[in-house]
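Report on the structure given below.
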Amino acid sequence: MNVQIWSDVVCPYCYIGKREFEKALAQFEHRHEVEVEWKSFELDREAPVRSPDDMYDHLAKKYGRTREQAKEMVAGVVERARTVGLEYDMDKAIMGSSFDAHRLIQMAKTKGKGAEAGERLFRAHFVLGEHIGDHAKLREIGEEIGLDGPEVAAMLASDAYTEAVHLDEYEAQQIGVRGVPFFVLADKYAVTGAQPSGHFLGALNQAWKERG
């Protein structure tokens, strides 16, 4: 059974949703017959490579809030992340484009390393405060997960995998994805948001029972 997951590595709920889904999958009786595919989705396709704003100023501007209100919003997300074992450090998060990070994931997918790339990029952004728009950092991350450094650097210097990223985003648009994370199970059942693991487990069981 296939599961497709649209997410963005700069989306805090996507990392939380990933953990909740992984917990559900670990409890799913037929987990070894589930094939998970991570799909690209950019929350902000117009974002600069690196924004001059930190996370709090970015959210304050986006939602018309004060910086203090933005900090309160973020505190709630940090607490939710902690419930699934993630220690977000939002003070260090570098805001900017996730496009090249998605290109790295697409490249990693062709080498059987897509899941590792996504996990490492989430950790880079939310836990370590690393700049995932920086090509040197992306090469370093690529090497960490077992990709060839010069090959990663050459890919980033070109427009390779641009089409793959855009195709995922086009597919999302076609099926009406408005936000992420967005899960499609067995090409039939959709689950939106960072749902509790029990919800995902129920969806997995239902999709398995009714799969074609």
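The values are calculated or read from the model by the stated rules, or taken from the named source; none is laboratory data. Here the structure is a predicted model, which means the values were calculated and not measured. Reconstructed Cβ throughout: ideal geometry from the backbone, glycine too, with neighbour counts over all protein chains shown.
Give the range 74-86 a look and list any residue that's of a type in the set (A, V, I, L, M), surrounded by 14 or more Cβ atoms within 10 Å (Cβ to Cβ) and either part of a helix (DSSP H, G or I) or over 18 Å from the mean Cα position of the chain (by Cα) (or both), or say none.
Hits for the range 74-86 are VAL74, VAL77, VAL78, ALA81.
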**Message:** Given (1) within 26 Å of SER40 (Cβ to Cβ); (2) at pLDDT 95 or above; (3) of a type in the set (Lys, Arg); (4) not in a loop (DSSP other than H, G, I, E, B), identify the lone condition not met by LYS71.
**Reply:** (1)
**Prompt:** Which one of these is surrounded by fewer than 14 Cβ atoms within 10 Å (Cβ to Cβ), under 26 Å from GLY112 (Cβ atoms) and among the aliphatic types (A, V, I, L, M): ALA154, ALA186?
**Reply:** ALA154
**Asked** Picking from ALA60, ALA26, ALA47, which residue would you name as being in contact (Cβ under 8 Å) with a residue 12 or more places away in the chain and of a type in the set (A, V, I, L, M, F, W, C)?
**Response** ALA47
**Prompt:** Looking at (1) assigned to a loop (DSSP other than H, G, I, E, B); (2) within 17 Å of the chain's Cα centre (by Cα), which is the only condition ALA164 fails?
**Reply:** (1)
**Item:** Cβ pairs under 7 Å, 6+ apart, first in the range 134-150 and closer than 10 Å to GLU116 by Cβ, second of a type in the set (Lys, Arg) and in a helix (DSSP H, G or I)
**Value:** ILE141/ARG120; GLU144/ARG120; ILE145/ARG120
